[in-house]
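Structure record follows, encoded as structure tokens.
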Amino acid sequence: MQNQDIFDLIKNKYLNNNKEDVLHHVENVADIAVKLAKVYKLDIVKIKLAALLHDISAIMTPQEMYKFAKARGLEIDPAEEKYHSLLHQRVSKIIVQEEYGITDLDILGAVECHTTLKKNSSIYDKIIFIADKISWDTNFSPLFDDLLKSGTIDSLDKACYSYIKYQFENNLLVMPHKWIIDAYTELSNA
């Protein structure tokens, strides 16, 4: 399958499920992620696929995601148990595997932890995490503008850490997922 064909399939999945707003968001994330991927000399197609697919589970309700995750035997974090929408990152990974046949670990990993990050995150994971945050939250634009200009690995880690730290310090995480706690602890020691 050609790259444009899979990009069109993904776009149509969102459109056919009346998720134009999500399509706009993932395209925005893809634009930001591609800019970062160029700085880090990463595979542009992989980063674009991860960005476009990271919210593919938006076609489901949180309750459907929960049933989907349970049916596949996923271990559910207490935060996911209480807030089923947190499962969307992990459910998206499964959809990416099952519906699109993608097995690339860089893509799957970035999709799987784009909301919470996780311990031992790859550069692909961090770029999709940050690009997702830039797309949704313009309050962090000064921090991210510096990241986009400097393009150093140090600043990518710093951007991830600063965003998570801000969430903790301002009680924005009603019930933190274990993965975000682990990522925060790891990044704070870096």
**Study point:** Cα centroid separation - the stretch 1-43 against the stretch 57-102, whole Å
**Key:** 20
Revision key, fill the gap. Taking a ≥ b ≥ c as the square roots of the eigenvalues of the Cα gyration tensor, with a/c under 1.5 meaning rounded and otherwise prolate when a/b exceeds b/c and oblate if not, the stretch 46-95 is prolate
Review point. Each residue of the stretch 98-104 in turn: what ³J(HN,Hα) in whole Hz from Karplus with 6.51, -1.76, 1.60 and θ = phi - 60°, glycine and Pro shown as x?
Key: 6, 8, 10, x, 7, 10, 5
Practice item. With a 10 Å radius around each residue's Cβ, average the other Cβ atoms per peptide and rank 29-37, 57-65, 110-118, highest first. Key: 110-118, 29-37, 57-65
Check your understanding: What ranking do 120-132, 2-14 get when scored by the average of other Cβ atoms within 10 Å per residue, highest first?
Key -> 120-132, 2-14
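Please report E99, E186, E20 as a ranked list, fewest other C-beta atoms within 10 angstrom at the top and most at the bottom. Intermediate results must be reported in sequence, preceding the final value.
Numbers: E99 13, E186 17, E20 10.
Placing the least packed residue first, the sequence is E20, E99, E186.
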Study note, to complete from the structure: So, relative contact order of the chain in percent, Cα under 8 Å, 6 or more apart, is 21
Review point. What list of ³J(HN,Hα) couplings, whole Hz, do you get for the stretch 53-58 from phi and the Karplus terms 6.51, -1.76, 1.60, once you set θ to phi - 60° and write x for glycine and proline?
Key: 9, 4, 10, 4, 6, 4
Check your understanding: If you plug each phi of the stretch 124-134 into the Karplus form 6.51 cos²θ - 1.76 cosθ + 1.60 with θ = phi - 60°, what whole-Hz ³J(HN,Hα) values come out, in order, with x for Gly and Pro?
Key -> 5, 4, 5, 5, 5, 4, 5, 4, 4, 5, 4
**Study point:** Student exercise, the stretch 1-126 dipole from Lys, Arg, Asp, Glu Cβ charges, in Debye to nearest 20
**Key:** 280
Review point. Does the stretch 53-124 come out rounded, prolate or oblate, given a ≥ b ≥ c as the square roots of the eigenvalues of its C-alpha gyration tensor, rounded meaning a/c under 1.5 and, failing that, prolate meaning a/b above b/c?
Key: oblate
Review point. Stretched out fully, how many nm does the piece from K82 to H24 gain, at 0.36 nm a residue minus the Cα gap?
Key: 18.1 nm
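Read-outs throughout are calculated quantities, based only on the coordinates presented, and are distinct from any laboratory measurement. None of these values were measured; they are calculated from a predicted model. Counting neighbours? That spans all protein chains shown, and the Cβs are built from the backbone with ideal geometry, glycine included.
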